[in-house]
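Inspection log for the structure reproduced underneath, given as structure tokens.
The values are calculated or read from the model by the stated rules, or taken from the named source; none is laboratory data. As the structure is a computational prediction, the values presented were derived from the model and not from experiment. So basically every Cβ, Gly included, is an ideal-geometry build from the backbone, and we count neighbours across all protein chains shown.
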Amino acid sequence: MPGRLIEILEDEEIVEKIKKRLPYLFQLAELESSRAGKIGMEVGSIPEK
């Protein structure tokens, strides 16, 4: 499996696609983890605390 990852990362076309999409994916992750405009790192719900 690790050999396949190296193949992917050596493919310039795939690397360019990843570079284009990374900012969007980080923005999406930020939106998913934010509440009231603040980014949180906590996992779980209030009753679990």
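Summary table
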{"quantity": "Qualifying position, being exposed (fewer than 10 other Cβ atoms within 10 Å of the Cβ), modelled with pLDDT of 80 or more, at negative phi and of a type in the set (D, E), among E12, E30, E16", "calculated": "E12"}
{"quantity": "Residue in region 37-48 that is modelled with pLDDT of 75 or more and not in a loop (DSSP other than H, G, I, E, B) present", "calculated": "no"}
